[in-house]
Each structure stands twice: as structure tokens, then as C-alpha cells.
Amino acid sequence: MTYKTKGTCSQTIDFEVIDGKVRNVKFLGGCNGNLKGISSLVEGMPVEDVIERLEGIQCGFKDTSCPDQLAKALKQTI
């Protein structure tokens, strides 16, 4: 799935959900190293766990963040 982000430096998030687990997360744009780290950390985690951990995280003065946008994207899959 490709999710178009809103309010973040990253532009899109590509990911898969296989058997209820998050797989192959790739962000386009944003803070490359941090987003690679997030992608690696959530790999293989249950969708609900990722949403619980990342939802509501803010970036600086913004109301959202790349991790929050990933949670929003994953919510569309359940």
C-alpha cells in the first residue's frame, strides 16, 4: 500500500501488511536515518502494536510526525 502523508517532511509511505504484521516499510523523503530506524523497528510487529506505540507522536511544533502518519496509514488496513 502507498499512503500519502500530510503535514510531514516525508511524502509517502509504502508498506505491506501480511498476516496482520507490518512488512517492508519505506518512507519517501523525511529524515532518512531516523525513518530507516523506524522501518526496521516495526518490521514484523503486529499492526495494532505499531499503531498503539506510534499514534499521536508529534514532530516539533507540528500536530503529527512520520511515525504518527504510519499509524494513520496502518489504521486504514484494519
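The values are calculated or read from the model by the stated rules, or taken from the named source; none is laboratory data. Bear in mind the structure is a predicted one, so any value in this text is a computation, not a measurement. Glycine also receives a Cβ, built like all others from the backbone with ideal geometry; neighbour counts cover every protein chain displayed. Heavy atoms of the whole protein, side chains included, go into the accessibility calculation; ligands, DNA and RNA do not. Shrake-Rupley method; radii C 1.70, N 1.55, O 1.52, S 1.80 Å.
A search for C-beta distances below 7 Å between a residue of the range 20-35 that is under 17 Å from G7 (Cα atoms) and any residue that is open to solvent by 70 Å² or more (accessible area, probe 1.4 Å) and assigned to a strand (DSSP E or B), counting only pairs 6+ apart in sequence or on different chains, returns L28/Q11; G29/Q11. Scanning the range 3-34 for residues that are polar (S, T, N, Q) and open to solvent by less than 90 Å² (accessible area, probe 1.4 Å) yields T5, T8, S10, T12, N24. Of all residues in the range 21-56, those satisfying the criterion of being on the phi > 0 side of the Ramachandran plot and small (G, A, S) are G29, G30, G44, G56. Of the candidates G37, G60, G56, the single residue that is open to solvent by less than 40 Å² (accessible area, probe 1.4 Å), out of contact with any Gly (no Cβ under 9 Å at 6 or more places or on another chain) and not aliphatic (A, V, I, L, M) is G37.
Select from the range 1-41 the residues that are in contact with a Ser or Thr (Cβ under 9 Å, 6 or more places away or on another chain) and among the charged types (D, E, K, R) and list them in ascending order. Scanning the range 1-41 gives K4, K6, D14, K26. For L28, the conditions (1) outside any strand (DSSP E or B); (2) at pLDDT 95 or above all hold with the exception of (1).
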